[in-house]
1. If each Cα of the chain is one equal point scatterer, what is log10 of I(q)/I(0) from the Debye formula at q = 0.07, 0.12, 0.13 Å⁻¹?
2. Give me the one-decimal Kirkwood hydrodynamic radius in Å for the range 184-230, with the sum taken over alpha-carbon pairs.
3. Kirkwood hydrodynamic radius of the range 213-367 from all distinct Cα pairs, in Å?
4. Normalized C-alpha radius of gyration of the range 257-343, against 2.2 N^0.38 Å?
5. Compute from the Cα atoms of the range 1-108 the Rg and the Dmax, the latter being the longest Cα-Cα distance, and quote both in angstrom.
6. With Cβ to Cβ distances under 9 Å as the rule, what net charge do the other residues near Arg144 carry (K, R +1; D, E -1)?
7. Could you tell me what percent of the accessible area of the chain is made up of carbon and sulfur, with a 1.4 Å probe and every protein chain present?
8. Can you tell me the convex hull volume per residue for the range 212-300, based on C-alpha atoms, in Å³ to the nearest whole number?
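The values are calculated or read from the model by the stated rules, or taken from the named source; none is laboratory data. Note that this is a predicted model, so its numbers are computed, not measured. Cβ sites come from the backbone with ideal geometry, for glycine too, and all protein chains shown count toward neighbours. What goes into the accessible areas is simple: the full protein's heavy atoms, side chains included, and nothing from ligands, DNA or RNA. Shrake-Rupley method; radii C 1.70, N 1.55, O 1.52, S 1.80 Å.
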Amino acid sequence: AIAAYNKALSIKPDYAEAYNNMGNALKDQGKLDEAIAAYNKALSIKPDYAEAYNNMGRLHWLQGNFKKAFELLEYRWLVKKLKIGEALKTSKPEWKGGKERLFVWKEQGIGDEVMFSSLLIDAGKQASSLIVECDHRLLPIYERSFPSNITFTDDRKKLNEKDFESHIAIGSLLNHFRSDRRDFAKSAAGWLKAEQDRTKNFRTSLLTQPKSKLIGLSWFTKSDKANSNLRSIEVEWLSDHLHSLPFEFVSLQYGLPKEELSEINSKVKIDIQSVEELNLFQDIDGLASLISACDIVISIDNINVHLAGALGVDTRVLLPEISDERWGAASELSYWYDSVTLYRQKKREDWSAPLLHLRKDLLDVFR
């Protein structure tokens, strides 16, 4: 790819898009200083290039330069190809941190909503009142977990402009409350609460051996975002590394029909249970209870990781070599969630190293 961009630039030296794309490729190679230089070159040619600003923001996020990163990521709303939702149309001003009646509106995917929801308590303490838009599937767990002075809606169209004095996208709250790593510690222990009776019932029905541990598994994604296919892992590889451990397993994998799970169980060395009456895609509150019933969650990067981290459940995340910037560049620990441990590929599409590391850690925990 980089050779192609260099060829393009030899023909058209002021090709800003080629420098921007080269920056992305260099970032994925881990050449972060060179990537920043490429983005800067793109911006010197095209000073209003929102995509290059946004990409540079993501790179600063990867490096942990949070204040700079979140300022630059405000350009995301000017990048048309990003699938982050629709910006609120209103005559009311954007919130600047005052003690006003505030409306926080949703953006991006449901996993992002859960992750960003760690900021709502901060916003609720500062604003005079707080209304939050969220995916309808999150309403029951949010209403249980957050203070009563925060109210929730699943549709901004249900509101009238008289209901709030200012507004902000939920991701933009990062600019107000997360400027350095220490700021994340306020919520990193977890802030969501699962329904306790449902959690207890799931655990009772799934654990057949009293001294065993219940492990929730999730191994593939159907996301169409760039590089998402690299996040998925073959369930057989998980089975090969986990089958000799004293665990019982339950599927946290949405989009997996009963027949397909039965076929998987006929091929792998572990028995993966499921809760057939639970729709893991539609019933997020039920999924939260199932996650809370587990001793450990082992998952690729998807909503299960964010729910489990926000619930404070011990979570082991398998990350590809090129992973999302929210996980940082190299750390085994997450600053978003105290209970999350990261297992990273050493080589592209090779899961052997993180799986061996995971197995060793699990043996140490339950030795």
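1. Evaluating at q = 0.07, 0.12, 0.13 Å⁻¹ gives log10 I(q)/I(0) of -0.34, -0.97, -1.11.
2. One over the average 1/r among Cα pairs gives 14.6 Å for the range 184-230.
3. One decimal place: 15.7 Å for the Kirkwood radius.
4. For the range 257-343, the normalised Cα radius of gyration comes out at 1.19.
5. According to the Cα coordinates of the range 1-108, Rg and Dmax are 16.4, 55 Å.
6. Local net charge: -2.
7. In the chain, the share of accessible area belonging to carbon and sulfur is 49 percent.
8. With only Cα atoms used, the range 212-300 gives 99 Å³ per residue.
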